[in-house]
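Working notes for the structure below.
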Amino acid sequence: MEQLTATAHDSLLHLELNVPGKKNALTDILRRELREAIVAAQTDPSVRAIVLSGAGGSFCSGGDISAMTSDPEVARARMTILHDVVRMLLAGTRPVVAAVAGPAYGAGMSLALCCDQVIVDPSARFSASFGRVGLPPDLALGFTLPRRVGEGRARRMLLSSSVTGAEEAVRIGLADEISAEGQLIETAMTRARELAAFTQEAKGHVKAMLTENAGSLDAVLLREMASYLTLLQSAEHQAARDAFLKKSG
């Protein structure tokens, strides 16, 4: 694959986002490759659990702002790919552990929180940074975040676009464990093996049951899509997008 590295470790599949020039932003290529790999893993008998990480000291900086468009059909198609990924991470057949180093911003934070466990190293930083570019939270963050940190704290994080470091993330339940320096992937692999232990078929039922018990994921994704398509047309977003591209250009 071009922007996603897939490596087998016994019964584990390690998927590494690898777009170094963009801090692993979710480009069109990466989102398609991610969906392809996670779909394949759902029925691969050699894969009992997945570890998701980012290359180059970053987990994922979020959506690829340079590829965002106000064309509703193109935008809907791009987001639909990620919604497929969300459904498989939250309610699919394989346990998933996120290994987060460096920034997990915007959609990167959302992607991490779709995983069953979130392991961080001391460099990890989370931000629901959507407000900085005039867009709504995506990838089911409105579904996952309140269930991890509570309604009040989730509202503050979503409305303020504040940054949360590794130790604070673990303290408030945003992440589950902090690894020792240089031990992130090894720690995530250990947790993935624990989640993959014993029988396999029941894992998917547990994930689906917990997701359904939390409310309607599909309703959240539909509302998210409607907000996303509306705000892509807003003057605030277009000005923020132009400013970002000018700064990074």
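The values are calculated or read from the model by the stated rules, or taken from the named source; none is laboratory data. Keep in mind it's a predicted model, so treat the numbers as computed, not measured. Cβ atoms come from the backbone with ideal geometry, glycine included; neighbour counts cover every protein chain shown.
Quick one: which of ALA37, ALA49 is touching a helix residue (DSSP H, G or I) at 6+ places or on another chain (Cβ under 9 Å), within 18 Å of ARG87 (Cβ to Cβ), of a type outside the set (S, T, N, Q) and at pLDDT 95 or above?
On the way: ALA37 fails: touching a helix residue (DSSP H, G or I) at 6+ places or on another chain (Cβ under 9 Å).
Every option except ALA49 fails the conditions.
For the stretch 7-19, state whether one or more residues are loosely packed, with under 15 Cβ neighbours inside 10 Å, touching a residue at least 60 places away in the same chain (Cβ under 8 Å) and under 24 Å from LEU221 (Cα atoms).
no
Restricting to the stretch 125-147, count the residues that are over 14 Å from the mean Cα position of the chain (by Cα) and part of a loop (DSSP other than H, G, I, E, B).
First pass over the stretch 125-147, keeping only residues over 14 Å from the mean Cα position of the chain (by Cα): 131-136, 146-147.
If we keep only those that are part of a loop (DSSP other than H, G, I, E, B) too, we end up with 134-136.
Residues in the stretch 125-147 being over 14 Å from the mean Cα position of the chain (by Cα) and part of a loop (DSSP other than H, G, I, E, B): 3 in total.
So which residues in the stretch 66-86 are more than 24 Å from GLU194 (Cβ to Cβ) and within 16 Å of the chain's Cα centre (by Cα), if there are any at all?
Residues of the stretch 66-86 that are more than 24 Å from GLU194 (Cβ to Cβ), as a first pass: 66-84.
Within the stretch 66-86, ARG78, MET79, THR80, ILE81, LEU82, HIS83, ASP84 qualify.
Residue under question is ALA197, and the condition is that it be at pLDDT 95 or above, of a type outside the set (S, T, N, Q) and over 21 Å from the mean Cα position of the chain (by Cα); does it hold? Break it down into steps so the answer makes sense when it comes.
On the way: at pLDDT 95 or above: yes; of a type outside the set (S, T, N, Q): yes; over 21 Å from the mean Cα position of the chain (by Cα): yes.
Here the answer is yes, as ALA197 does meet what is asked.
Of these, VAL100, VAL118, which one is β-branched (Val, Ile, Thr), crowded, with 20+ Cβ neighbours inside 10 Å, at pLDDT 95 or above and over 27 Å from LEU245 (Cα atoms)? Lay out the reasoning, then the answer.
Details: VAL100 fails: over 27 Å from LEU245 (Cα atoms).
The match here is VAL118.
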